[in-house]
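What follows is a short report on a single structure.
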Amino acid sequence: MESIWKIKSADAGIVQELGRQLNISTITAALLYQRGITTVRQAQKFLEGGLTDLSDPFSLTGMAESIARIETAVQQREKVIIYGDYDVDGICSIAILKDCLAALNCEADYYVPDRFSQGYGINEQAIRAIAAQGYSLLISVDCGITSLNEVNIAASLGMDCIITDHHTPGGGLPPAVAVINPKLDKPGAISHLAGAGVAFMLARALGQKYLSNKKVFEWLDVVALATVADIVPLQGDNRILAKEGL
């Protein structure tokens, strides 16, 4: 059977302007256009973006509330646990946040559900076991956005929850102290972050107040690993995180 090639059209004027201002070939400019990159600034960030081009972590809904609750936990030396997932993204998310909290003198523990007996996400059995050990703050990474019932149970047992996730929300949000998920915000450079990307944003927000940039950027290789492994689009902040981490 003969193949039929359908070439996606591009605005010739925009393509020429991109080529002229960026000193790139027409083919490269057309490819940028077909990726939805239609301005010189967008193209510069895509081709040359660096750490200074990363989005402000406080642009994420729920970030300020999360930082305030974590600060209280650190100051009062509460027992904190990070609840993650068993895939690469989940494990990397745990590693980033655990190291970040340790740098703040908060030795948080972590919990990863058994893939076969418990499955993905926050489960009631784990919540009850964690609460029974005296933890007062649970921070989820790469999971939790649909765990409405489990977060309700945690609250009834005296345990606050901060949910950080990147999966699509279901019907309603968990009744947590704060929920951070880029899919709750307007589409933009951080819309497609992996779970570790969201955890890194939380770590960056904490780092802006308490840590050096050098310490924060130590986690870039872990973020890059998770970003690639979770097969999220290499656009916006993801592209910068993957580039700088690798």
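With the largest listed first and rounded to whole Å, the semi-axes of the equivalent ellipsoid of region 87-188 from the Cα gyration tensor are 19, 18, 15. Computed over region 57-245, the P(r) tail beyond 25 angstrom holds 26 percent of alpha carbon pairs. The lysine pair tally for the chain, using Cα distances under 20 Å and a gap of 8 or more places or different chains, is 8. Peptide packing: for 133-140, 78-85, 153-160, the average count of neighbouring Cβ atoms within 10 Å per residue gives the ranking 78-85, 133-140, 153-160, highest mean first. Put a dot 7 Å past the Cα of ALA229, heading toward its Cβ, do the same for ALA132, and the two dots end up 3.0 nm apart. Rg and Dmax, both from the Cα atoms of region 1-111 and both in Å, are 22.7, 70.
When restricted to Cα atoms, region 47-100 yields an Rg and a Dmax of 14.3, 45 Å, respectively.
In a fully extended conformation the segment linking GLN208 and GLU107 would gain 34.4 nm over its present Cα-Cα distance, using 0.36 nm per residue.
Values quoted throughout were computed directly from the atomic coordinates according to the rules given, and no laboratory measurement underlies them. If you're wondering where the values come from, they're calculated on a predicted model, not measured in any experiment. All Cβ positions, even for glycine, are placed from backbone atoms using ideal geometry, and neighbour counts span all protein chains on display.
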